[in-house]
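Here is the structure we will look at.
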Amino acid sequence: MKREPRSWVRQRWWIISHATVSPRRACEIAKQTGVSVATVSGVIASYNRMGEASVQTPGSGGRRHAYLTLAQEQAFLAPFALRAAGGEIATREHIQQAFEEEVGHSVHFTTIYRLLARHGWRKLVPRPSHPKANPDEQAAFQKNFPALAQAAIATRAPSDQLPVLLMAQDEGRFGRISESRRAWAPPGIRPRSPRQVVREYTYVYTAVAPAQGKMTSLILPWVDTAMMNLFLSHVATTFAEYFLVVNDLRSERVLPSKVDICPEG
């Protein structure tokens with residue numbers, strides 16, 4: 001009885017133990033076991049009629065009215081998992097439509113949320129990637145970057161004894177698009193808001209050397225060769241005491257002196 005994991009089964013065996021080892025009135029057993037008199041009478045009466053089967057019951061919990069078994073649910077979600085791994089976005093509406101086709105009738109949308117929660121799915125913002133990005137070329141660049149950096153360092157003049165600083169550079173666009181959003185209003189009133197689609201952007205250029213804790217950046221109005229050259233001149237001036245090797249730049253751009261480049265694929 002002590003090793004029984006189900007609390008209700010332990011409680012029933014405790015009541016039966018009191019009734020068989022030291023028979024007493026139901027009210028005394030109820031007081032000893034901390035249950036009602038009706039519970040004691042019911043447990044003993046059921047045990048007298050059905051024996052051990054009346055005690056070893058499965059309980060009231062569990063999934064008794066599931067549309068699919070857990071194995072069937074895993075098989076149902078497998079195609080959506082493959083699509084998610086391939087970069088496709090699966091929404092609750094898509095999964096619900098497929099689930100209703102699987103079970104042959106409509107279901108409430110909360111059924112889909114519980115299904116996904118049972119199997120550890122969570123709602124995430126997709127990781128952005130450029131449509132022209134080549135994962136193989138990126139992996140090759142990461143693998144070969146030390147060799148590229150050493151090749152760039154080997155090009156400097158023998159008299160150049162400046163310490164080498166490896167930096168990563170990138171640029172990002174920041175801005176706004178004017179767009180009306182939802183607003184609270186009393187019944188019968190729908191607010192009117194002037195709207196004109198306006199796009200305003202600015203660009204931030206940054207170069208970092210994480211290992212040394214060094215960084216520099218500029219906010220510039222455009223992304224073009226002239227702005228890139230201006231930023232690289234700024235980097236060269238800021239870190240004039242170093243021989244710079246910068247990666248993640250386009251090789252066709254003009255670079256200032258003392259800045260070498262490792263173009264990313």
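The values are calculated or read from the model by the stated rules, or taken from the named source; none is laboratory data. Source: prediction; values computed, not measured. We place every Cβ from the backbone using ideal geometry, glycine too, and count neighbours over all the protein chains shown.
Which one is farthest from the chain's Cα centre (by Cα) among residues in region 32-77 that are surrounded by 12 or more Cβ atoms within 10 Å (Cβ to Cβ), among the β-branched types (Val, Ile, Thr) and assigned to a loop (DSSP other than H, G, I, E, B)?
Val35
Can you pull out every residue in region 1-30 that is more than 15 Å from Ser41 (Cα to Cα) and either among the acidic types (Asp, Glu) or assigned to a helix (DSSP H, G or I) (or both)?
In the first step, residues of region 1-30 are kept if they are more than 15 Å from Ser41 (Cα to Cα); the result is 1-10, 21-22.
Selection gives Glu4, Ser7, Trp8, Val9, Arg10, Val21.
What's the total number of residues in region 110-137 that are of a type in the set (Ser, Thr, Tyr) and either part of a loop (DSSP other than H, G, I, E, B) or modelled with pLDDT under 75 (or both)? Spell out the reasoning first.
Here is the first cut: in region 110-137, the residues of a type in the set (Ser, Thr, Tyr) are 110-111, 113, 129.
Next cut, either part of a loop (DSSP other than H, G, I, E, B) or modelled with pLDDT under 75 (or both) only: 129.
Here the count works out to 1.
Assess whether Ala98 counts as being modelled with pLDDT of 90 or more and over 21 Å from Ser7 (Cβ atoms). So that I can check it myself, show each step before the final result.
Working: modelled with pLDDT of 90 or more: yes; over 21 Å from Ser7 (Cβ atoms): yes.
Here the answer is yes, as Ala98 does meet what is asked.
Can you spot a residue in region 82-104 that is farther than 26 Å from His130 by Cα and part of a loop (DSSP other than H, G, I, E, B)? Walk me through how you get there before you give the answer.
Filtering region 82-104 for residues farther than 26 Å from His130 by Cα gives 93, 95-104.
Filter once more, keeping what is part of a loop (DSSP other than H, G, I, E, B): 104.
Within region 82-104 (the criterion being farther than 26 Å from His130 by Cα and part of a loop (DSSP other than H, G, I, E, B)), the answer is yes, since at least one residue qualifies.
Tell me, please, whether a residue that is at pLDDT 80 or above and surrounded by fewer than 12 Cβ atoms within 10 Å (Cβ to Cβ) can be found in region 191-198. Give the steps one after another, and end with the answer.
First, the residues of region 191-198 that are at pLDDT 80 or above: none.
No; the residues of region 191-198 include none that is at pLDDT 80 or above and surrounded by fewer than 12 Cβ atoms within 10 Å (Cβ to Cβ).
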